[in-house]
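Data block below; observations after.
The values are calculated or read from the model by the stated rules, or taken from the named source; none is laboratory data. Note that this is a predicted model, so its numbers are computed, not measured. Note: ideal-geometry Cβ built from the backbone for every residue, glycine included; neighbour counts use all protein chains shown.
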């Protein structure tokens, strides 16, 4: 019998659905899944029909982090081989984080270690109320190095001080309070809620959505000085003259849908 692909890729109109597909391993990633997810995100970026990416997991877990058998193999590698392998994981996370199109995490179950990194690298995260989270690396004598830039941005330095060090497990309500996820909903409602959010993103101007994502990336944490203010002026001035902006304003005044909005 053929081995199922580690990543299921499906397209539903403007939504690219990427499903981690190793349910028997709680969707833990190995080198094959890392390569597949990196490639799938890159392909979605290049596909003009894709407006939003939706990342979720098959089965009961979202992602358990690294496959322990794969990690055991890492202990036998040379230092150079370990660096190269870690770089692939880091590249996958950065590919998600830097994707110009919005990426939504639909956290259907537990997200541990690198799975938390996946959640944090996405722009928006919605979790089932039954999901749990854990930065479990220190229990194994490891550390959450490659995921740390994204988790720190998502949950903040103070919370990271606690959960990086203690490896405590926490629930979805705590993840919401910390800012790691934006919404918590009953598991049965999660697919509908995630799809509604993706469709809401697709209602907006695709260029404006991507440019707004860049605003967050470029301006978060920056001093509000003359240079930043000048940058904001240049950005809005450049957008006002685009075909997309003209269509959006005209559609609003004429009380009709803009051309980019799909009929449904």
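Could you identify the single residue in 38, 56 that is surrounded by fewer than 23 Cβ atoms within 10 Å (Cβ to Cβ), at pLDDT 95 or above and in contact with a helix residue (DSSP H, G or I) (Cβ under 6 Å, 6 or more places away or on another chain)?
Answer to the selection: 38.
Looking only at the range 123-148, which residues are over 23 Å from residue 68 (Cα atoms) and either crowded, with 20+ Cβ neighbours inside 10 Å or out of contact with any strand residue (DSSP E or B) (no Cβ under 8 Å at 6 or more places or on another chain) (or both)?
Result: 123, 125, 126, 127, 128, 130.
If the requirement is being at pLDDT 95 or above, surrounded by 12 or more Cβ atoms within 10 Å (Cβ to Cβ) and under 20 Å from residue 122 (Cα atoms), which of these qualifies: 167, 175?
The match here is 175.
Could you pull out the residue among 24, 31, 8 that is over 18 Å from the mean Cα position of the chain (by Cα), surrounded by 14 or more Cβ atoms within 10 Å (Cβ to Cβ) and closer than 25 Å to residue 86 by Cα?
After applying the criteria, what remains is 31.
Which numbered condition in (1) at negative phi; (2) in a helix (DSSP H, G or I) is the only one that residue 184 fails?
(2)
What residue, of 208, 194, is in contact (Cβ under 8 Å) with a residue 40 or more places away in the chain, surrounded by fewer than 16 Cβ atoms within 10 Å (Cβ to Cβ) and in a helix (DSSP H, G or I)?
Of 208, 194, the one residue that is in contact (Cβ under 8 Å) with a residue 40 or more places away in the chain, surrounded by fewer than 16 Cβ atoms within 10 Å (Cβ to Cβ) and in a helix (DSSP H, G or I) is 208.
Enumerate the helices (runs of 4 or more DSSP H) found wholly within the range 25-108, keeping only those where 1 or more residues are within 30 Å of residue 215 (Cα to Cα) and in contact (Cβ under 8 Å) with a residue 60 or more places away in the chain.
Answer list for the range 25-108: 31-46, 79-97.
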